[in-house]
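Below: one structure, written as structure tokens.
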Amino acid sequence: MIVLSGGTGTPKLIQGLRKLVPDEEITVIVNTAEDITVSGNLISPDVDTVLYLFSGALDTSKWWGIKNDTFHTNKALQKMGLNEKLMLGDADRATCIFRSELMRKGASLTAATQRLSSALGIKASILPMCDEKVDTIVNTPQGLIHFQDFWVGARGEPDVLDVKISGIEKAKPTKEVLAALESEDNVIIGPSNPITSIGPILALKGMRNLLKKKKVLAISPIIGNSPVSGPAGKLMKACGFPVSSKGVAECYGDILDVMVIDERDDVEENDFPVKVVKYDTLMTSVEKSKALAQRVLDLLGDIR
């Protein structure tokens, strides 16, 4: 089974899938367009969230970082006048140092992620979407800024005029991603931000054509006209999509076979260009994540 992931929504779904499917049967293709270098080391936030989830280290009260992590290095740097763009815990920083040292010695992001997975005892296959450097850039009235500067630095407050993915024209799915897609018929697009989390994966050269040959199910991260979390609404509007589950379906387009929207979403199912199923998508507990995951698996089995 393949899951396209980014942000915090999809890891919650994966938490439920793990209750139903062995880890070794799960492949997660992860967004890397929010990666950023901090204090000389590469942070890959979406990849690390998935790594920590499968290793049991994830702080699920925040859905990022490592539970019970300390912040001695970050605080010491602050005292010396260096305010990092992202607040890194000490154990979290160790992950970034490990990755960066491997890459400084010539390893690709994919190879470094595989080494991290092995070191953390992970049986699932966690694949960065590409090895090329790509960056989500947000166009604001104040100028162009990296997504991390927009979301973390400016708390998502600036108006958004447009969103671009710098470097995407030279990026392509890795051979590991292509091999995974070749061997699997079912693809789940998790309830992550369709513009900055899933959008970069779909924008990779040839990715949409590959997905058209698969059974693709997406879960909407929007209920009514509001995202469950994060800046998806503001970003979708800036990119010309309605802030709604229908807007998410329009964003993904003809790669979809079925979309799951929340049972509280007051929309007509026949307004969508694809089959729509309503279910409780608010994953506020492990049990609810498992229930949604079971529904997703059932739906994939029904696609003909």
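Details
- The lone criterion from (1) surrounded by fewer than 17 Cβ atoms within 10 Å (Cβ to Cβ); (2) in contact (Cβ under 8 Å) with a residue 24 or more places away in the chain left unmet by Thr10 is number (1).
- Of all residues in the range 146-182 being open to solvent by less than 80 Å² (accessible area, probe 1.4 Å) and acidic (Asp, Glu), the one that is modelled with the highest pLDDT: Glu176
- Selection status of Lys62, basic (Lys, Arg), open to solvent by 30 Å² or more (accessible area, probe 1.4 Å), free of Cβ contacts under 8 Å to residues at least 12 places away in the same chain and not in a helix (DSSP H, G or I): yes
- Filter result for the condition that a residue is at negative phi and touching a strand residue (DSSP E or B) at 6+ places or on another chain (Cβ under 9 Å), over Leu82, Leu77, Leu127, Leu120: Leu127
- Matching residues in the range 89-133 - criterion: being open to solvent by 50 Å² or more (accessible area, probe 1.4 Å), aliphatic (A, V, I, L, M) and part of a helix (DSSP H, G or I): Ala94, Ile97, Met103, Ala119
- Within the range 247-278, the residues that satisfy the criterion of being in contact (Cβ under 8 Å) with a residue 40 or more places away in the chain and surrounded by fewer than 17 Cβ atoms within 10 Å (Cβ to Cβ) are Gly253, Asp254, Arg264, Asp266.
Residues checked against (1) farther than 19 Å from Thr8 by Cβ; (2) touching an Asp or Glu at 6+ places or on another chain (Cβ under 8 Å):
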site: Asp48; (1), (2): no, yes
site: Lys62; (1), (2): no, no
site: Lys79; (1), (2): yes, no
site: Asn83; (1), (2): yes, no
site: Leu109; (1), (2): yes, yes
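- Of all residues in the range 13-41, those satisfying the criterion of being open to solvent by 50 Å² or more (accessible area, probe 1.4 Å) and not in a loop (DSSP other than H, G, I, E, B) are Glu24, Glu25, Thr37.
- Single condition Lys85 does not satisfy, out of (1) at pLDDT below 95; (2) crowded, with 16+ Cβ neighbours inside 10 Å: (2)
- Residues in the range 44-84 that are farther than 19 Å from Ile122 by Cα and under 20 Å from the mean Cα position of the chain (by Cα): Ser61, Lys62.
- Hey, Asp90 over 19 Å from the mean Cα position of the chain (by Cα) and among the acidic types (Asp, Glu) or not: yes
- Any hit, the range 216-230, residues being open to solvent by less than 60 Å² (accessible area, probe 1.4 Å), touching a residue at least 60 places away in the same chain (Cβ under 8 Å) and closer than 25 Å to Glu84 by Cα: yes
- When the test is whether a residue is open to solvent by less than 40 Å² (accessible area, probe 1.4 Å), within 19 Å of the chain's Cα centre (by Cα), of a type in the set (A, V, I, L, M) and more than 24 Å from Leu58 (Cα to Cα), Leu292 does not pass it.
- Members of the range 227-244 that are of a type in the set (A, V, I, L, M, F, W, C) and out of contact with any strand residue (DSSP E or B) (no Cβ under 7 Å at 6 or more places or on another chain): Val228, Met236, Phe241
- In this structure, Val134 does not satisfy being in contact with a Cys (Cβ under 8 Å, 6 or more places away or on another chain) and closer than 30 Å to Leu181 by Cα.
- Residues located in the range 231-246, provided they are in contact (Cβ under 8 Å) with a residue 40 or more places away in the chain and open to solvent by less than 40 Å² (accessible area, probe 1.4 Å): Pro231, Leu235, Met236, Ala238
The values are calculated or read from the model by the stated rules, or taken from the named source; none is laboratory data. Values in this document were obtained by computation on a predicted structure and should not be read as measured data. Neighbour counts are summed over all protein chains in view; Cβ atoms, including those assigned to glycine, are modelled from backbone coordinates with ideal geometry. With ligands, DNA and RNA removed, areas are computed over all heavy atoms of the protein, side chains included. Shrake-Rupley method; radii C 1.70, N 1.55, O 1.52, S 1.80 Å.
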